[in-house]
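For reference, the structure discussed in these notes is given below.
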Amino acid sequence: MRPEVVPRLGQPLASAPRVGMPSSATRGLEYKWIAAGVVLVGAIMAILDQTVVNVALPTLEKDFATSLTDIQWVVTAYALALAAVIPTSGWLTDRFGSKWVFFTSQALFTVGSALCGLAWSDTALIGFRILQGLGGGLIMPVGMATVMRVTRPDERGRLMAVLGFPMLVAPVLGPTLGGWLVQSVSWRLIFYINLPIGIVGCLMTAFFLRDQREPHAERERLDLLGFLLVTPAVVGLVYGLSQAGTYGWESVQTVAPLIAGAVLLAAFCLYEVRQPAPLIDIRVFRDAAFSASIGLNFLIGLALFGAIFLLPLFLQQVQGYGAFDAGLILAAQGVSAGIVMPVSGMLTDRFGAARVVPFGLALLAAGTLWLTTIAPGTSSRELVAMLAVRGAGMGFTMMPIMSAAYVTLRPAQIARATSVSNVVQRVASALGVAVMATVLSNRITANLPPLPAGVSAASGGGIASAHLSAPLQHYLLTQVARGFDDAFWVALGLSMLCFPMALLLRRAMRPGEVRAYALKRLAEGIVLVLAVRRLRAGGLDRLGLHLDPAAVRSISAAAAARLEDAVVLLRAGTAAAGLVPQPRLSLPRRVGVGVTLVAAVVCMALAIGHGYQAPQVPPPPAIQHQQSMSPAG
């Protein structure tokens, strides 16, 4: 484990450090909400930008007179820059302090946005997007570490609800805003809009955010070999997954970077676990609660971001909505999530994520199951209701899972743990989109008969714009919609594995539990100190026994460790709850997890099997007409 900031033996209780917490003047309600507000400004800017640019690609392709394949690098380069810098966020935060790393990340992002708006060619735009991504990739992990460090574990649910708002709302509002700006003004405004937000964010960071850093890390050097291993590993995985939808899973463009990324990632893990000061402390996975939360975060990201990818395609390519109108419908999901998140945060802090998340997963599954019934004629009101149910499920799921990841960690582990969490989320979202794109293409093809020449069925867009008779076009769009239904069945199946993992989440320690453990450690330490004094005074010599001096030193070290833990826990309270060992899961709970796991695997197999069942493809209207006329002939 990484060394903790602990008091010296004999140090007065009043002067003991707060283990990663700010001073008493900054620990109250006022500062933690100020810190959350500062982080929120940067988070809105960074997350919104990831989705707002996608709708401008056709316009950029036309203005720069380039191919769609080349202009797609505007999105890909940004995603790769994000992936490259995230692994360093923990070390940067510990080494240089969260305030100035957060300030620098916002400044880089803002400068990159200004340069993107001034871009004179696609090459220049891609280069400036890399600069923008290097700043944007640090904003979320550093911001999360900042909020985690100024709050106790039993109040992080409410604070994470604040940070979660842009994470859940931006993916659905981004396309709406981007479509309106591109259609009504200029594509350059989608970058210039970041300038006032970025300037305000930098000023708020400089004036209101307090510097936080780990004292033991101030002289810690960058783990260069770890950096050279993990950066190309994450970039390779994200890039390979981004190419699967274009070139297929068996193509060299997909397989080569995926294999290279996996090999480098394995080498990185083997190397890091032996390092005393690793770039990313993968030993946090020894914490069962953290592992369960990250695994659940991965599965939710896989199913959630994959489904988010499907919805805009259906609305625009099958039902014929424009980007702006489709965004208004999709906004129901974000608005619903935003409404329930404050409630989910309070419930998480009071009852624990293990009791809140299953309810959210049930809503998410119900909304996804409802989406398996969509058709070309599904009304906008029904779609809004479906998305509102899914949004409520997201609000009760995403942020409680993220806050639960840190409730059992030691304060010094938080910055590095946020790096792990954000890397996992980045890979999960890329994998979810790649998998759902492949599933959608496969199921649309399976549900369609041979198409007329020049008509593409990739997502239904070619059918919607083709010059076909109204009955034939309606028939083909209905079959395409069935492909979407099948894809949602697969997304539903993937989400089933989340239920047993949700039961492994832990709640934050109560103050009484922390105090009881602190008093226990204090009592143990005092007993050991008295024993050492008795031994050194020759207590065993009177009985004719002799104790090895090494054993005495060992007992002394154990006494010191217990007394130091007690002082820190009594001084910091629940802020140092990571020092308290978590009890093992009770037998009934372990049985419940096992039964739920079996049921989840069965439900997953049934849902995915239903999505991939051989479809009954009726003949198109023209063929039906010819068959009905043949007997009369």
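The values are calculated or read from the model by the stated rules, or taken from the named source; none is laboratory data. From a predicted model like this one, the values you see are computed outputs, not experimental measurements. Because the Cβ atoms are built from the backbone with ideal geometry, glycine has one as well, and the counts that use them run over all protein chains shown. Quick note on the areas: whole protein, heavy atoms, side chains included, nothing else; ligands and nucleic acids left out. Shrake-Rupley method; radii C 1.70, N 1.55, O 1.52, S 1.80 Å.
Selection of first residues in segment 352-369 that are closer than 18 Å to GLY334 by Cα and open to solvent by 10 Å² or more (accessible area, probe 1.4 Å) and of second residues that are among the hydroxyl-bearing types (Ser, Thr, Tyr) and not in a helix (DSSP H, G or I), restricted to Cβ pairs under 7 Å at least 6 apart or on distinct chains, gives the following pairs, ordered by first then second residue: LEU364/THR397. Being at pLDDT below 85 and part of a helix (DSSP H, G or I) is the filter here; which residues of segment 609-633 pass it? Listed by number, the residues that qualify are PRO621, ALA622, ILE623, GLN624, HIS625, GLN626, GLN627, SER628, MET629. Which of the following residues is open to solvent by 40 Å² or more (accessible area, probe 1.4 Å) and modelled with pLDDT of 85 or more: LEU606, LEU570? On inspection, the qualifying residue turns out to be LEU606.
Among all positions in segment 416-431, there is at least one residue which is open to solvent by 10 Å² or more (accessible area, probe 1.4 Å), within 19 Å of ALA84 (Cα to Cα) and of a type in the set (Lys, Arg). Summed over segment 146-180, residues that are closer than 22 Å to VAL111 by Cβ and at pLDDT below 80 total 5.
Out of contact with any helix residue (DSSP H, G or I) (no Cβ under 6 Å at 6 or more places or on another chain), within 24 Å of ARG188 (Cα to Cα) and open to solvent by 10 Å² or more (accessible area, probe 1.4 Å), is that true of LEU118? Against the criterion (out of contact with any helix residue (DSSP H, G or I) (no Cβ under 6 Å at 6 or more places or on another chain), within 24 Å of ARG188 (Cα to Cα) and open to solvent by 10 Å² or more (accessible area, probe 1.4 Å)), LEU118 qualifies. Checking each residue in segment 394-431 for being more than 12 Å from the chain's Cα centre (by Cα) and within 20 Å of THR246 (Cβ to Cβ) picks out only LEU431.
Scan segment 502-537 for residues that are open to solvent by 50 Å² or more (accessible area, probe 1.4 Å), assigned to a helix (DSSP H, G or I) and within 30 Å of PHE351 (Cα to Cα) and the total you get is 7.
Just wondering, is there one or more residues in segment 73-80 that are open to solvent by 10 Å² or more (accessible area, probe 1.4 Å), modelled with pLDDT under 85 and in contact with a Ser or Thr (Cβ under 7 Å, 6 or more places away or on another chain)? Looking for residues that are open to solvent by 10 Å² or more (accessible area, probe 1.4 Å), modelled with pLDDT under 85 and in contact with a Ser or Thr (Cβ under 7 Å, 6 or more places away or on another chain), one finds at least one in segment 73-80, hence yes. Residues that are open to solvent by 10 Å² or more (accessible area, probe 1.4 Å) and not hydrophobic (A, V, I, L, M, F, W, C) do not occur anywhere in segment 130-146.
Confirm whether VAL343 is over 23 Å from ALA430 (Cα atoms), surrounded by fewer than 22 Cβ atoms within 10 Å (Cβ to Cβ) and hydrophobic (A, V, I, L, M, F, W, C). In short, yes.
Hey, any hits in segment 538-549 for a residue that's farther than 30 Å from GLY295 by Cα, open to solvent by less than 40 Å² (accessible area, probe 1.4 Å), modelled with pLDDT under 75 and not in a helix (DSSP H, G or I)? Yes: segment 538-549 contains one or more residues that are farther than 30 Å from GLY295 by Cα, open to solvent by less than 40 Å² (accessible area, probe 1.4 Å), modelled with pLDDT under 75 and not in a helix (DSSP H, G or I).
The helices (runs of 4 or more DSSP H) found wholly in segment 414-501 and carrying at least 2 residues that are out of contact with any Lys or Arg (no Cβ under 6 Å at 6 or more places or on another chain), modelled with pLDDT of 75 or more and more than 22 Å from ALA600 (Cα to Cα) occupy 414-447, 470-495. In the set (1) at pLDDT 80 or above; (2) outside any loop (DSSP other than H, G, I, E, B), ALA65 fails one condition alone, (2). Of all the numbered requirements in (1) under 23 Å from the mean Cα position of the chain (by Cα); (2) open to solvent by less than 30 Å² (accessible area, probe 1.4 Å), LEU48 misses one, and that requirement is (2). Based on this model, can you work out whether SER293 counts as among the hydroxyl-bearing types (Ser, Thr, Tyr) and buried (at least 22 other Cβ atoms within 10 Å of the Cβ)? Answer is yes for this residue. Hey, can you tell me all the residues within segment 270-289 that are part of a helix (DSSP H, G or I), open to solvent by less than 50 Å² (accessible area, probe 1.4 Å) and closer than 18 Å to PRO232 by Cα? Answer for segment 270-289, where residues must be part of a helix (DSSP H, G or I), open to solvent by less than 50 Å² (accessible area, probe 1.4 Å) and closer than 18 Å to PRO232 by Cα: GLU272, ILE282.
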